[in-house]
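Okay, structure first, notes after.
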Amino acid sequence: MPASVGSMTRHVHAFRDDALGDLDAVALVDAIRTGKVSRAELVDAAISRTQTVNPVLNGLAHETFERARAQAAAPGSGYFDGVPTFIKDNVDVEGMPTMQGTDAWEPRPQPGHGDFARFFLASGLIPLGKTQLSEFGFSASAEHPRLGAVRNPWDTDYTAGASSSGSGAFVAAGVVPIAHANDGGGSIRIPAACNGLVGLKPSRGRLPLDKMSRQMPVRIVNDGVLTRSVRDTAAFYREAERIWRDRRLLPIGAVTGPGTQRLRVAVVTQSVNRQSSPSIRARTLQTAELVERLGHHVDLLDHNPIPRYFVDDFLLYWSLLAMTLVRTGQRTFGPSFDRSRLDNLTLGLDRHASRNLHRMPIAITRLGRLRRVTARFYQNYDVLLTPTLADETPQIGHLDPTADYEQIIDRLVDWVAFTPLQNATGEPAISLPLARSESGMPVGMMFGAPIGHERRLLELAYELEAAQPFPRIQAGTAL
C-alpha cells in the first residue's frame with residue numbers, strides 16, 4: 001500500500017517486477033538484444049505503469065498507447081529500438097497535437113514531425129505519448145488552473161519542477177527510463193533537480209531544433225533528455241552524434257566512465273541576484289568537498305562574475321517570447337486561440353515586454369555578448385559548480401499561475417537564480433542529484449563547462465555518481 005497522509009498519496013513510484021524492472025535504458029537495450037525481454041513487453045509494462053501513477057502525478061498530456069504497441073510489434077532500427085519514452089508536448093510529432101502546456105486552443109493532430117522529433121525518433125525510442133509542461137514552458141512549476149498540477153513522485157505535495165515536468169515525474173517514478181525534455185531557462189535541469197535525475201542541457205547547436213526555436217534572436221532553447229543514470233545520458237548523446245552532428249562543436253564520442261584529468265573547479269553559491277539559501281549553500285559546499293576529495297582543485301569564489309543587469313535582460317527577453325506567442329496566437333495556433341484562457345504569468349510577461357520594448361535591443365545585444373564574460377572565466381577554470389536552484393523544491397501553490405503576476409515573477413526569479421546563464425551563453429550544464437533536503441527531497445548540483453565540453457561534464461558526472469550513488473525512489477513505499 002502507498003505511504004499516505006490523509007487521502008493524499010505522497011510517495012509514488014511504479015517500479016515493480018515486470019519487464020522494465022528497475023533497469024536503465026542501456027540495460028534494457030542489452031535485455032532486448034539478449035532475448036530476456038521483448039520490445040512489446042517493455043511497451044506494455046510502461047503503459048501499465050503510466051496508468052498506475054498518472055492519476056496521481058498528472059504528467060500525461062496525450063497518450064498514443066495503441067500506436068506504441070503497433071510500433072513495438074514491427075521491426076525497428078536505432079540503438080534504443082524498443083525502449084519506451086515520452087516526448088514533451090512542445091515539439092511537433094506527426095499525428096499528435098502540440099498544446100504547449102495550455103488549453104487556449106482546440107487540439108489538432110500535427111501533419112508531420114518537427115525537426116527535433118524526426119531526429120529523436122531515429123534513435124529507436126518508442127513514444128507512448130506526450131508529457132505535460134507549464135504553459136509555454138514559462139514557469140518552473142506546472143500548475144495549470146484547468147489542466148492541473150504535475151506532482152513530484154518523491155512527495156506529491158511538491159512540484160515536479162518545470163517546464164519538463166511530466167517527463168521528469170515519469171522518469172523518476174520509473175514509468176520510463178528516459179524521456180525528452182528541453183531547456184530555455186533551466187527546464188531540463190530544474191526537473192532533474194526536483195526529481196532526483198540526471199539532466200544535461202547541451203551546447204547550443206548540439207542537437208537539431210524545431211523552426212520556432214531556430215528563429216529566436218538569441219537561441220536560448222536546447223533539447224535533450226532526462227534519465228536516472230549518467231550512462232543513459234552519455235549513451236543518448238553518443239547515439240545522437242551518430243545520427244546528426246554539428247561540426248562546429250567538439251565531438252562527445254562514447255563516454256563510458258570517469259576521466260583521468262584533474263579539473264580546476266570554481267564554486268559559486270551566490271547568484272547574480274541573491275545568495276542561495278543556507279541549506280542549499282551548505283549542500284553545495286559539501287559537494288565541493290566531495291569534488292576536492294576526488295583530487296580536483298577547488299576554489300570557492302566569494303562573488304558571481306556575471307553582470308547584475310543579466311537578470312533584467314533575461315527576463316525581458318523571456319517576456320518577448322511570451323508577447324510574440326500571445327500577439328500571434330491565432331496565426332500560430334489556429335482560429336480557436338483564446339487569450340482569455342492564458343494564465344497570469346503568460347499575460348503578465350506579455351505586458352512586461354510591451355511596456356519595455358524600448359529596452360529590448362540593448363537587452364538582446366548584451367545577452368549575445370555574455371559569452372565573452374564566461375569565456376574569460378573559463379580561461380582560469382575547467383568547470384563551474386553551483387546549486388541548480390537557489391532554494392529547496394517548493395510545494396504546489398508556491399508558483400500558482402493564477403496568483404498576481406508580480407508575486408509569481410518575484411518568486412520565480414528568486415528560485416530559478418542559476419540556470420538561465422547557460423541558456424544565454426549557449427554553454428552546457430548538467431544537474432546531478434548529489435544532495436537531499438532535510439525532508440528527504442532530492443537537491444540538484446549543477447556543473448557548467450565551456451561550449452562544446454559535454455564530454456568533460458559526463459566524465460565528471462560518472463566519477464561523482466560512483467563516489468556518491470544517486471538516491472533511489474524505490475526505497476519508499478509504492479503504488
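Matching residues to (1) farther than 29 Å from Asp313 by Cβ; (2) outside any helix (DSSP H, G or I); (3) in contact (Cβ under 8 Å) with a residue 60 or more places away in the chain; (4) among the acidic types (Asp, Glu):
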{"site": "Arg204", "(1), (2), (3), (4)": "no, yes, yes, no"}
{"site": "Pro208", "(1), (2), (3), (4)": "no, yes, yes, no"}
{"site": "Leu226", "(1), (2), (3), (4)": "no, yes, yes, no"}
{"site": "Phe236", "(1), (2), (3), (4)": "yes, no, yes, no"}
{"site": "Ala240", "(1), (2), (3), (4)": "yes, no, yes, no"}
{"site": "Asp246", "(1), (2), (3), (4)": "no, yes, no, yes"}
{"site": "Leu249", "(1), (2), (3), (4)": "no, yes, yes, no"}
{"site": "Gly253", "(1), (2), (3), (4)": "yes, yes, yes, no"}
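Just a yes or no: is a residue in the range 39-57 at pLDDT below 95 and not aromatic (Phe, Trp, Tyr)? Talk me through it step by step, then tell me what you get.
Looking only at the range 39-57, we keep the residues that are at pLDDT below 95, and these are none.
No, the conditions are met nowhere in the range 39-57.
Taking the conditions exactly as written (crowded, with 16+ Cβ neighbours inside 10 Å and either modelled with pLDDT of 95 or more or under 21 Å from Gly166 (Cβ atoms) (or both)), does Thr102 satisfy them or not? Show your work before the answer.
On the way: crowded, with 16+ Cβ neighbours inside 10 Å: yes; either modelled with pLDDT of 95 or more or under 21 Å from Gly166 (Cβ atoms) (or both): yes.
For Thr102, the condition - crowded, with 16+ Cβ neighbours inside 10 Å and either modelled with pLDDT of 95 or more or under 21 Å from Gly166 (Cβ atoms) (or both) - is met.
Taking the residues in the range 172-214 that are surrounded by 24 or more Cβ atoms within 10 Å (Cβ to Cβ) and of a type in the set (S, T, N, Q) as candidates, determine which candidate is farthest from the chain's Cα centre (by Cα).
Among those residues, the one meeting the criterion is Ser203.
Residue-wise test of (1) within 30 Å of Glu438 (Cβ to Cβ); (2) among the aliphatic types (A, V, I, L, M); (3) over 23 Å from the mean Cα position of the chain (by Cα).
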| position | (1), (2), (3) |
| --- | --- |
| His297 | no, no, yes |
| Phe314 | no, no, no |
| Leu345 | yes, yes, no |
| Leu357 | no, yes, yes |
| Leu370 | no, yes, no |
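Yes or no, residue by residue, for (1) open to solvent by 10 Å² or more (accessible area, probe 1.4 Å); (2) small (Gly, Ala, Ser):
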| site | (1), (2) |
| --- | --- |
| Leu399 | no, no |
| Ala403 | yes, yes |
| Arg436 | yes, no |
| Pro450 | yes, no |
| His453 | yes, no |
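Within the range 343-355, does at least one residue satisfy the condition of being open to solvent by 70 Å² or more (accessible area, probe 1.4 Å), at pLDDT 95 or above and farther than 29 Å from Thr402 by Cα? Even if it seems obvious, please write down each step before you answer.
First pass over the range 343-355, keeping only residues open to solvent by 70 Å² or more (accessible area, probe 1.4 Å): 351, 355.
Then keep just the ones that are at pLDDT 95 or above; that gives 351, 355.
Cutting the leftovers down to farther than 29 Å from Thr402 by Cα gives us none.
Checked the range 343-355: no residue is open to solvent by 70 Å² or more (accessible area, probe 1.4 Å), at pLDDT 95 or above and farther than 29 Å from Thr402 by Cα.
Select from the range 114-131 the residues that are part of a loop (DSSP other than H, G, I, E, B) and closer than 17 Å to Ala70 by Cβ and list them in ascending order.
Going through the range 114-131, the residues part of a loop (DSSP other than H, G, I, E, B) turn out to be 114, 122-125.
Scanning the range 114-131 gives Gly124, Leu125.
Which residues, taken from the range 10-21, are touching a helix residue (DSSP H, G or I) at 6+ places or on another chain (Cβ under 6 Å) and open to solvent by 20 Å² or more (accessible area, probe 1.4 Å)? Give the derivation first.
Pass one, the range 10-21, residues touching a helix residue (DSSP H, G or I) at 6+ places or on another chain (Cβ under 6 Å): 12-15, 18-20.
Residues satisfying the conditions are Phe15, Asp18, Ala19.
Output the residues belonging to the range 363-404 that are closer than 14 Å to Ala142 by Cα and among the aliphatic types (A, V, I, L, M).
In the first step, residues of the range 363-404 are kept if they are closer than 14 Å to Ala142 by Cα; the result is 393-403.
Of everything in the range 363-404, those that are closer than 14 Å to Ala142 by Cα and among the aliphatic types (A, V, I, L, M) turn out to be Ile396, Leu399, Ala403.
Would you confirm whether or not the range 324-339 contains a residue that is within 30 Å of Val268 (Cα to Cα) and open to solvent by less than 90 Å² (accessible area, probe 1.4 Å)? Let's see the steps before the verdict.
We begin by selecting, within the range 324-339, every residue within 30 Å of Val268 (Cα to Cα); these are none.
Checked against the condition, which is being within 30 Å of Val268 (Cα to Cα) and open to solvent by less than 90 Å² (accessible area, probe 1.4 Å), the range 324-339 yields no hits at all.
The values are calculated or read from the model by the stated rules, or taken from the named source; none is laboratory data. Note that this is a predicted model, so its numbers are computed, not measured. Here Cβ is always computed from backbone atoms with ideal geometry, including for glycine, and neighbour counts include all displayed protein chains. Side chains are part of the model used for accessible areas, which takes the heavy atoms of the whole protein and leaves out ligands, DNA and RNA. Shrake-Rupley method; radii C 1.70, N 1.55, O 1.52, S 1.80 Å.
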